[in-house]
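Each remark here refers to the structure printed beneath this line.
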Amino acid sequence: MRTSIQTKFLLATSVLISLISQPALADVVLPEINAKYVTIKEDNPTRDAGYVVGDILERTITLTVKKPYELVKESIPIVGYEHRWKGQISGIELSKVSSEEIKHSDSVTHVIHLTYQVFTTGKLAKPAALRAEIIKMRNTEKKETLQYRVPSFNFRVSPLSVFGSVKLKEELSPFTPPFLIDSSKQKLTLKLLIGLLGLSLLGLLYIFGMHAWLPRMGAPFAKAYRDIRKMPETASGLQQAAARIHESLNKTAGTSLFGNNIDSFIQDKPAFSPVKQDIEKFFALSRKVFFEPESAQNLNEHSKAWLMKFCRHLRDCERGLRPEASA
Amino acid sequence: MSDIQLADWRNHALTLESEVNKVIVGQHIPVRLITTSIFARGHVLLEGDVGVGKTTLLRAFTRGIGGGYQRIEGTIDLMPNDLVYHTYLGEDGKPHVSPGPILMSGENLSVFFFNEINRARPQVHSLLLRVMAERTLTAFNKEHHFPHMLVFADRNQVEKEETFDIPSAARDRFMMEIPIVVPNDDSIMESLVFDTRFHDADALVSNVPENILQFDQLNKFASILQNSISASPTLRSYVLNLWRATKTPTDFGVKVSGVDMNRLVLSGASPRGMAMVLRAARVNAWLNERTAVLPEDIHDVFHATVAHRLVFSPVYEMRRTEIARDMLSGIIHAIAAP
């Protein structure tokens with residue numbers, strides 16, 4: 001009876017020992033896959049020094065696996081796994097993983113984005129690494145599983161502050177570029193504001209040009225000349241044209257201009273002195289058109305043409321030109 | 001009436017003007033305005049300082065117009081009756097009543113000259129109001145007519161002692177109030193002081209030929225003249241805008257320095273006033289050999305015919321002359337024609 005109990009105990013113990021001594025599946029080191037089936041492209045951080053606690057490093061691994069092998073997706077690293085090196089927590093944690101798959105006829109390309117964050121620091125700069133990730137490959141024909149080792153990326157972690165009394169000049173690392181503030185948002189805002197400023201300046205130019213796109217195009221006689229050209233060659237058109245010129249004269253003079261204050265107008269606006277006689281002639285014509293209807297009958301069809309020419313001369317004076325030269 | 005007759009009368013008018021200008025130097029604008037007023041059949045009020053020649057100017061015109069001429073001096077004790085009749089004891093020892101200045105010339109009265117009108121009492125102004133407006137007067141149980149009468153009056157604005165303001169209703173009866181100022185020209189000023197012919201006003205006035213105009217034909221001619229000179233629709237619109245601006249200058253952007261324009265005008269030009277502006281402007285056009293009224297004709301008479309009709313807030317009355325001048329100039333500058 002005693003023997004039977006001892007035998008059972010020994011049997012259970014041996015089973016337990018055999019179970020404990022069996023290596024865990026995760027720790028099993030599988031054979032390396034033949035390099036001809038896998039090609040790798042690494043996109044690592046651009047610098048390998050000057051990282052401090054809290055910094056984020058991103059790397060993108062592009063693996064192209066040829067058939068008959070395929071990538072075991074469960075072997076892609078997962079977030080939250082505490083990485084240790086020589087029994088110590090490395091302090092470089094995987095904080096984000098994403099992957100995408102592009103299928104080809106004889107291969108599949110896996111693009112794996114890995115984001116790590118630094119959670120370690122020290123009194124002096126010390127080495128650290130984005131660990132070498134083990135990705136498993138399965139042979140779909142032979143039911144064979146192999147592994148592929150993605151190379152690690154080595155870099156240095158710096159302390160946040162200088163320890164002890166040091167000479168900064170000697171401490172400066174040629175690998176450490178100056179820290180740059182991310183100004184992309186500000187640059188975008190600046191570009192938008194420059195665009196807005198440009199639009200505002202165009203608007204201002206338009207307003208200063210009196211709703212015309214070139215300076216002086218919106219000045220009184222320039223506008224009047226454009227309007228008069230569209231007026232009909234009738235008695236009514238003649239009256240409208242004369243009224244339009246009166247309006248522009250008044251606007252230019254800043255007061256109502258009549259036949260008895262032409263001299264003071266010329267005195268105030270000497271640019272119009274070359275057309276003084278024409279202005280007097282215009283007032284004589286205007287008198288016939290507006291105030292002496294009986295004598296207005298003597299006006300001929302050339303009056304409208306003369307008004308257009310007169311208005312053009314006024315426009316030239318307005319632009320600082322001599323009308324004789326440009327007529 | 002033919003153009004020749006119009007031209008003939010114009011020659012008479014210009015002759016009168018020329019003769020008056022010979023004895024009253026440096027007053028071409030007032031002389032033109034008074035000539036205009038005579039042919040527009042409007043009463044004239046001259047305003048100016050003491051001794052600037054107001055009375056002499058009016059006497060000179062009176063001589064040239066011809067017809068009956070009467071004159072009265074405004075005094076504080078002058079009563080309306082003094083204009084109509086006066087009483088006296090005759091050589092027979094009995095009381096007699098004789099016609100006063102207004103009645104003395106009867107229907108031939110062409111000029112009634114009221115010197116220093118602002119010294120007369122409001123009762124006298126009141127009588128004058130009717131005579132000026134209606135050219136009639138009831139006296140001795142009879143209505144007397146003075147169809148050819150023009151009232152020429154003068155006043156000085158400087159002296160305020162023993163004077164009465166002419167009420168706006170009486171002012172409105174005058175076609176024009178013409179300011180008389182001493183000429184600035186040195187040679188004219190020198191002549192006025194050193195040339196002895198200007199020292200004796202009676203002798204000076206006697207140099208104006210008598211009866212240059214036929215006073216009893218003036219009413220008839222004035223009517224024909226008014227009908228001969230046209231006013232186009234554009235001008236009518238312009239005059240209406242001027243009228244509106246005298247009532248509400250702020251609507252036309254008229255400003256006067258140091259004046260609250262919203263409080264300034266209590267009353268603008270009256271319809272009678274604007275009608276007188278047009279009458280005077282037509283005469284001005286005729287004198288300038290035109291057949292239609294131009295804005296310039298309005299400008300020439302605008303200040304003289306409108307300024308005295310404006311009624312300002314009492315706070316601005318003391319600066320009346322200056323404010324009225326600036327406001328009316330502002331109106332002419334602000335309103336366009338066409």
From the protein chains alone at 1.4 Å, what is the descending order of accessible area for A:Arg226, B:Arg263, B:Arg197, largest first?
B:Arg263, B:Arg197, A:Arg226
Within 10 Å of each Cβ in A:256-264, how many Cβ atoms from other chains are there, averaged over the peptide?
4
Total charge of the residues flanking B:Val182 in space, meaning their Cβ is under 13 Å from its Cβ, with Lys and Arg +1 and Asp and Glu -1, is -3
Among B:Pro30, B:Pro99, B:Pro233, residue whose mean-square fluctuation peaks in a GNM of chain B (springs only between Cα atoms under 10 Å):
B:Pro233
Pull up the cross-link candidates among the aspartates and glutamates for A:Lys143, meaning alpha carbon to alpha carbon under 18 Å and not fewer than 8 places away within one chain.
A:Glu32, A:Glu70, A:Glu74
Peptide A:284-292, shielding by other chains (average Cβ, 10 Å cutoff)
6
Cα gyration tensor of the range B:181-338, axes a ≥ b ≥ c as square roots of the eigenvalues: rounded (a/c below 1.5), prolate (a/b > b/c) or oblate?
oblate
What are the aspartates and glutamates whose alpha-carbon lies under 17 Å from the alpha-carbon of B:Lys160, with same-chain residues fewer than 8 places away excluded?
B:Glu47, B:Asp49, B:Glu73, B:Asp77, B:Glu116, B:Glu317
Using a 10 Å cut-off on Cβ to Cβ distances, tally the other chain neighbours for every residue of B:227-233 and report the average as a whole number.
2
Which sequence of B:Val293, B:Val52 reflects their accessible areas, 1.4 Å probe, from the largest down?
B:Val52, B:Val293
Could you count how many Lys pairs in the range A:220-326 have their Cα atoms under 22 Å apart, skipping same-chain pairs fewer than 8 positions apart?
23
What figure in square angstrom, to the nearest 10, would you give for the accessible area of A:Glu233 with a 1.4 Å probe?
130
Do any chymotrypsin sites (Phe, Trp or Tyr not before Pro) in the range A:59-165 lie in a DSSP loop with no more than 16 other beta carbon atoms within 10 Å, and if so, which?
A:Tyr81, A:Phe119, A:Phe163
For the range B:3-217, what does the accessible surface come to per residue with a 1.4 Å probe? Please give it in Å².
47
Around A:Pro151, what is the net charge, scoring Lys/Arg as +1 and Asp/Glu as -1 over all other residues with Cβ under 12 Å from its Cβ?
+2
How do A:Lys276, A:Lys185 stack up against each other in accessible area, from largest to smallest, with a 1.4 angstrom probe?
A:Lys185, A:Lys276
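The values are calculated or read from the model by the stated rules, or taken from the named source; none is laboratory data. As the structure is a computational prediction, the values presented were derived from the model and not from experiment. When we count neighbours, we look across all protein chains shown, and the Cβ atoms used for this are built from the backbone with ideal geometry, even at glycine. Only protein heavy atoms, including side chains, enter the accessible area calculation; ligands, DNA and RNA are left aside. Shrake-Rupley method; radii C 1.70, N 1.55, O 1.52, S 1.80 Å.
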